[in-house]
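These notes are about the structure you will find just below.
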Amino acid sequence: MKKVLKIAGIIVLALLVIIAGYAVYLFGSYHRIEDNQSIEPYGGEVSTEKVPVGKQLAATSWNIGFAAYTDQYSFFMDGGEYSRAFSKEAVLSNMDDITSELSGFDSDFYLVQEVDTDATRSYHVDESKILTDKLAEKDSRACTFAVNYDSPYLFYPFTQPHGKSKAGLLTFSDFRIESALRRSLPVQTDAAKLLDLDRCYVVNRIPAANGKDLVLINLHLSAYTTDPTIAEQQLEMLFDDISSEYDKGNYVICGGDFNKDLLGDSSAVFGISGEDFSWAKSFPFDMIPDNFSLVAPLDVDNPVPTCRNPDAPWDPEKNFQITIDGFIVSDNVRVLSSRVVDTQFKYSDHNPVQLSFELR
């Protein structure tokens, strides 16, 4: 009996040492990317033409879900089954479809979120290169990329660990991007930070024909926070920046994944309750600064959500559906239309959203 207890004690001690070592590794590896980091624009041979004033233009925003979320995919952090894409072949196939969809929109600007460059969850496929090769090099667009997730190896779930991830925000423009700046958003400082991204937004500065700038912001705000003040701090920072740009006379368009209910109550619109999902909070509309408006695409006769909760494979009768993707624009940008592209979530847990506009 003493021998058995001794062996058991040694095993328990070894497990404790391993757990302690892993905790040291996790917190020791954690780092935040420097704020106000300059991003170098790159891409193919782009036009030197400046953004025209008074001409119809189009922008598309799409969270591609690291090319894992087919309509049959469910994600462990949302109550689903999987922590990685089904296979490397599935990622490559999905990226082909995503690239074809984006290219077919023929927009002037693209804002893409959750683009992996080297991640266990997407089998180390460089999704940024695939998109850039098509939309920048072949179709001659300027682009910028900023990392917003560079995590240590996560040994959870134990049966198939999520692993190490590096991903970011990718922006394309038919017009020259003069400069770009990565702005680090506030995030939680406790253990929850290990499950959140290194949140940021990218301020792309694109010259307009009248001497002003189009300030195009690609963003992906926090979802899995236990501190509700973090979301408020993120929006306060964003709103301070865009108000400053507006005061300079510039045009501002923010697009991306806000991770807030942009309709206020998507459950009422799409008919499936979201009360079980703590992240599905209403957007704080009263925080929007003067001279700006929120554009949440919605066809009241045929409402299409921008996101499904991936706790199970896609089923329009069962999945909670919500609109969390959209745009915030300054009042010197005339909005002509906005829409959600209904892909039936074949390629991502998000649908693309599009904005048609002109600069006044």
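Each reported figure results from applying straightforward, stated rules to the coordinates on display, with no laboratory input. Just so it is clear, the structure is predicted and the values come from calculations on it, not from any experiment. Glycine gets a Cβ as well: all are built from the backbone with ideal geometry, and neighbour counts include every protein chain shown.
What to note about this one:
- Dimensions of the stretch 266-311 based on its C-alpha atoms, expressed as ranges along the principal axes with the largest first, amount to 37, 28, 17 Å.
- In this label model, GLN344 and LYS248 are separated by 4.6 nm, measuring between points 7 Å along each Cα→Cβ vector.
- For the chain, a Gaussian network of Cα nodes joined below 10 Å ranks SER337, SER128, SER151 by mean-square fluctuation, and the top entry is SER337.
- Approximating the spin labels as points 7 Å out from Cα along Cα→Cβ, the PHE105-to-TYR42 distance works out to 2.3 nm.
- Part-to-part distance (alpha-carbon centres) for the stretch 66-81 and the stretch 299-360, which is given in Å: 19 Å
- Pairs from the table (LYS212/LYS260; LYS55/LYS212; LYS164/LYS281; LYS134/LYS166; LYS50/LYS129; LYS129/LYS166) lying more than 19 angstrom apart at Cα are LYS212/LYS260; LYS164/LYS281; LYS134/LYS166; LYS50/LYS129.
- Values of log10 I(q)/I(0), in the order q = 0.13, 0.14 Å⁻¹, for the stretch 290-360 under a Debye, Cα-only, solvent-free model: -0.42, -0.48
- Tilt relative to the chain, helix 229-247 - C-alpha long axis, 0 to 90 degrees, to 10: 20 degrees
- Think of it as helices only: each DSSP H run of n ≥ 4 in the chain is worth -39500 (n - 2.57), and spread over all residues that comes to -7000 deg cm²/dmol at 222 nm.
- As a calculated quantity, the FRET efficiency between ALA268 and ASP240 at R0 = 30 Å, using C-beta atoms, amounts to about 0.40.
- Computed extension length for ASN210-THR226: 1.3 nm, one decimal, from 0.36 nm per residue of separation with the Cα-Cα distance subtracted.
- Charge tally in the Cβ shell below 12 Å around CYS254, where Lys, Arg are +1 and Asp, Glu are -1, CYS254 excluded: -3
- Using every pair of separate Cα atoms, the Kirkwood estimate puts the hydrodynamic radius of the chain at 21.2 angstrom.
- Of the peptides 254-265, 282-293, the ranking by mean beta-carbon count within 10 Å, highest at the top, reads 254-265, 282-293.
- For the pair GLN72 and VAL335, label points projected 7 Å from Cα toward Cβ lie 3.8 nm apart.
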